[in-house]
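First comes the structure, then the notes that go with it.
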Ligand code: SPD
């Protein structure tokens, strides 16, 4: 009986091995390959290909760090790859099984070695930038023909976003890309790991939060192409695919992609083999297939992303190799920055900040004007000459003993982040800019009102100048 049981185990294990040997499981980004290549792989190799897709590095990372994903090939971006290599999530490549490695591009390999020294664990699949996709007609109609459609002002200035909200704006659900973008806009180092510096992005994002219809990292392709939205902060090739889908549909929608004039993130997506891949041999067969010059050219020609395969370059279509949005010229390249992985404490702060921004807790209703505003309003403040900051209030309870509301509030508030405070139900922000701190307190007379307390000694009086931005629409959840 025991012996029989043992024998059964061996039989099951053998058939599982046989099954894995015949199939390769690949987990890649959505809208990132010409599907004809998938059938070609099966025909050429006799292997069954199971091909799943994702649209977020964070989703992939959760699987990689948990282990047991069941995938043979996955495609993290450089910064995520680096962290996952350090966590032991990948196995080194067996380069003797990858003759097509000779097709790869040394310039790109030297860039990706920043994340994966010696490119020991990964090959570059594609690379690109994070920028802006615009519906030219709609944006010109709402902001004028002369507006700079490549500027971050379009999506980070509340006055512009208030208008664009009418036709729909999506942002990537990618905190490690949007936060560096806002830092770049603020003139900070986009690769800053300093949580106090990163905290500055929250006010900017909250200022435009009421006008962002959705945070999503793949829906924007069709939404732009169909004219359902008019602006997306997204990935280069995805937006170019939207451009083509609109042209094919002949629906009168004209989409263009720009790397941001202020500078854009450049990233690299790397194919790697999980440490516990069921079929590492099959994974190598897949990587070698992908590194074939013609296959890589076909992939890039289809998805409008640049690749790291030098031998494929002569096989690229003119509208790919000749488009500086895909293959940047020197000038464009100089305006691209890269980032490095956040250490754990910074990553936690970023994740929390992003959760607050996405949930839009404080930005559901925006009023037209006045010093008294309703719960969950967004306020901007001025020192009388220039805008000095943005803060947010979320109210609901009357404050009973209000002899000294600021002191009272201080006693009950819990610090949640530098310059941010919370009681049990609400979060308040003090945003500092140009060394002029601003305070927000709950009006004890009207439970549904906020007032500004400007603590700049030169302007230290209750009810300092606060006004609301708006009118706006309730933010999409
Ligand atoms: N639709 C494919 C998108 C691929 C984008 N890769 C994201 C890289 C981000 N750093």
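Read-outs throughout are calculated quantities, based only on the coordinates presented, and are distinct from any laboratory measurement. Note that the coordinates shown come from a computational prediction; the quantities given were computed from them, not determined experimentally. Every residue, glycine as well, gets a Cβ built from its backbone with ideal geometry; the counts of neighbours run over all protein chains shown.
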Please give, to one decimal in nm, the separation of the simple spin-label points placed at residue 261 and residue 43, each 7 Å out from Cα toward the Cβ. 4.8 nm
Would you mind putting 258-267, 54-63 in packing order, based on average other-beta-carbon counts within 10 Å, highest first? 258-267, 54-63
For 167, 230, what ranking results if the residue with the fewest other Cβ atoms within 10 Å of its Cβ goes first? 167, 230
Arrange the following residues from fewest to most other Cβ atoms within 10 Å of their Cβ: 102, 256. 102, 256
At 7 Å along Cα-to-Cβ for each site, give me the label-to-label distance between residue 281 and residue 194 in nm. 5.4 nm
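For Cα pairs less than 8 Å apart in space and 6+ apart in sequence, what is the mean separation divided by the residue count of the stretch 40-148, i.e. the relative contact order in percent?
Numbers: 50 pairs, mean separation 20.8, N = 109.
This gives 19 percent for the stretch 40-148.
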Between the stretch 56-129 and the stretch 231-299, the alpha-carbon center distance in angstrom: 15 Å
Extension gain from residue 157 to residue 66, taking 0.36 nm per residue of separation minus the Cα-Cα distance: 28.8 nm
P(r) histogram, all alpha-carbon pairs of the stretch 226-268 included - 10 Å bins from 0, percent: 27, 51, 20, 3
Would you please put 76-84, 294-302 in order of how densely packed they are, using the mean number of other Cβ atoms within 10 angstrom per residue and starting with the highest? 76-84, 294-302
The exposure ranking of 216, 170, 284, fewest beta-carbon neighbours within 10 Å first, is 216, 284, 170
By the gyration tensor of its Cα atoms, with a ≥ b ≥ c the square roots of the eigenvalues, what is the shape of the stretch 192-299: rounded for a/c under 1.5, prolate for a/b over b/c, or oblate? oblate
Suppose each label sits 7 Å from its Cα in the direction of the beta carbon; what would the residue 222-residue 110 distance come out to in nanometres? 4.3 nm
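How high is the FRET efficiency from residue 166 to residue 21, r the C-beta distance, R0 60 Å, rounded to 0.05?
0.60
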Once you have the Kirkwood Rh of the stretch 130-266 from its Cα pairs, apply Stokes-Einstein at 10 °C and 1.306 mPa s and quote D in µm²/s. 108 µm²/s
